[in-house]
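One structure below.
The values are calculated or read from the model by the stated rules, or taken from the named source; none is laboratory data. These figures come from a predicted structure and were not determined experimentally. When we count neighbours, we look across all protein chains shown, and the Cβ atoms used for this are built from the backbone with ideal geometry, even at glycine. Surface areas here come from the heavy atoms of the whole protein model, side chains and all, with no ligands, DNA or RNA. Shrake-Rupley method; radii C 1.70, N 1.55, O 1.52, S 1.80 Å.
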Amino acid sequence: MTTRAMIDVGRKCNAKCPFCYYHHLGDLSKQEYKSVDELTLDIVSAKKRGCDYIDFSGGEPMLHPDIANLIAIVNKNGMRCCVITNATCGETILLKCIDYGVDDFLISMHGFSETHDKIMGIKNARDRQINFIDVLNANKISFRVNYVMSSINQNDIVSFSDFIASTIKPRIVNFINFNPHGQWGCDTVKSQKIISDLFIVENQLNAAIPILEAKGIGVNVRYYPMCRINPEYYRCICNDMHVMYDPYEWDNGVPHTEDDYKKWAISTSKSVEWKDIPCRDCTLLSACGGINRAVNCHTFGQYPEAIRGGSIHHWYQYRAQNILTLTKRGAHGL
Ligand code: SF4
């Protein structure tokens, strides 16, 4: 069970990623950040719920004018924190965050420079990220990577994994399948343009995962149908049933009891994941949860393929084997 909370600093962002959850708000540079008082209240509430770790998300948290102070507030409350970032901020603010005790970063990297810069809509976004990572390495600060899989970068998964496995070497890579949540659900045409072709992604993931794992890099594949990956990598799939049991994910404000976590997992899976044909006839249904409903509708049901035979003895049986990604930060010397 995760003991992390996500603190949302506000939607303001300097990037324009076409698959952003908040794409429908328009130009995110015109959004506002939340005040330090409001965010302090969120941090203290998380602590009271039993959280010991905070993930700052947004928007772009590294451009919040008080991000370093917020990191100090987390530490003062006896917790540690990570910042989820596009890593394009300047070195001065990064060094200040390090000085104020940030523990970890989760950096969005969506392919090679040309693709990545185009997705972010920021000139030299990748160059800025490489500078950012150089500073992290010089200060021995760990980092992980988020790669949102979409039609724009679906063919780069193997080559980009090969590149990062031999160069920047993050601790963990999360491949996040673009799913049309929220207002995306009403935007069928655009969603269809961005949703990745899972037949392509399947081959890419099957080749990329062993490349990363051979270098000791953990791999998560989030919100993705198990039938579209080699059985050897079922353990990498982290869907709605598993997410609250990933030590790097968030408690979603739920009370920290086994019962409440399980209820959240079941109800989220029920509302977000497809349970009808062919999933209802699939042996893996309890372990997979089903393909994202909106993706299945927008792609006319072409991707899920019921797996027959065998049986599942526990919904967490595959996930429990993904040891490179399930060690809680702070334990075992991490
Ligand atoms: S058919 Fe449905 S339940 Fe079975 S693995 Fe595919 S998405 Fe998951």
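Radius of gyration over Kirkwood radius for the range 196-334, both on Cα atoms: the Rg/Rh ratio is 0.96. Once the Cβ-Cβ distance of Ile141 and Ile277 is raised to the sixth power relative to R0 = 51 Å, the FRET efficiency obtained is 0.60. Straight Cα distances below 22 angstrom link Lys96 to the lysines Lys12, Lys34, Lys76, Lys140, with same-chain residues fewer than 8 positions distant left out. Amide H contacts of Val219 (H built 1.01 Å from N, in plane; Pro and chain starts excluded): Val173 sit under 5 Å, all sequence-distant by 5 or more or on other chains. Ligands, DNA and RNA are left out, and with a 1.4 angstrom probe the accessible area of the range 274-334 is 54 Å² per residue.
With charges only on Cβ, +1 for K and R and -1 for D and E, what is the dipole size of the chain about its Cα centre, in debye, rounded to 20?
180 debye
Note down the relative contact order for the chain as a percent, whole number, built from C-alpha pairs under 8 angstrom at least six residues apart.
16 percent
Among Asn153, His116, Leu94, which residue has its Cα furthest toward the positive end of the charge dipole of the range 82-188, with +1 on Lys/Arg Cβ and -1 on Asp/Glu Cβ? Highest projection toward the positive end goes to Leu94.
Among Val219, Val189, the order of accessible area from largest down is Val189, Val219, computed with a 1.4 Å probe on protein heavy atoms. Rounded to the nearest 20 debye, the dipole size of the range 90-168 about its Cα centre is 120 debye, using +1 on the Cβ of Lys and Arg and -1 on the Cβ of Asp and Glu.
With a 1.4 Å probe and all protein chains left in place, how much of the accessible area of the chain comes from carbon and sulfur atoms, in whole percent?
Details: 7500 of 14230 Å².
Taking all protein chains in place, the chain shows 53 percent carbon and sulfur surface.
Pairs of Cα atoms in the range 113-186 fall into 10 Å distance bins, from 0 up to the last occupied one, in shares of 16, 46, 30, 8, 0 percent.
Using a Förster distance of 30 Å, how high is the FRET efficiency between Leu324 and Lys47, based on the Cβ-Cβ distance and rounded to 0.05?
0.55
Its convex hull of Cα atoms gives the range 1-130 a direction-averaged projected area, equal to a quarter of the hull surface, of 8.1 nm².
Excluding Thr2 itself, what net charge comes from residues whose Cβ is under 12 Å from its Cβ, given Lys and Arg +1 and Asp and Glu -1? After counting each charged neighbour, the total is -1.
Annotation note: chymotrypsin sites (Phe, Trp or Tyr not before Pro) in the range 91-174 located in DSSP loop regions with a Cβ neighbour count of at most 15 within 10 Å are Phe112.
Working from label points 7 Å from Cα in the Cα-to-Cβ sense, the Asp134 to Thr188 distance is 5.0 nm. Hey, what angle do you get for helix 198-213 against the long axis of the chain, alpha-carbon based, 0 to 90 degrees rounded to 10? Its long axis makes an angle of about 60 degrees. Note on surface exposure: Asp246, Asp260, Asp8 rank Asp260, Asp8, Asp246 by accessible area, highest first, 1.4 Å probe. Each semi-axis of the equivalent ellipsoid for the chain is √(5λ) with λ an eigenvalue of the Cα gyration tensor; in descending order they amount to 30, 23, 20 Å.
Quick check: residue separation of Ser159 and Ser311 times 0.36 nm, minus the Cα distance between them. What number comes out in nm?
Fully extending the segment from Ser159 to Ser311 adds 51.2 nm.
In a DSSP loop and with at most 11 other Cβ atoms within 10 Å, the trypsin sites (Lys or Arg not before Pro) in the range 237-332 are Arg308.
Modelled this way, with points 7 Å down the Cα-to-C-beta line, the labels at Ile200 and Ser113 are 2.3 nm from one another.
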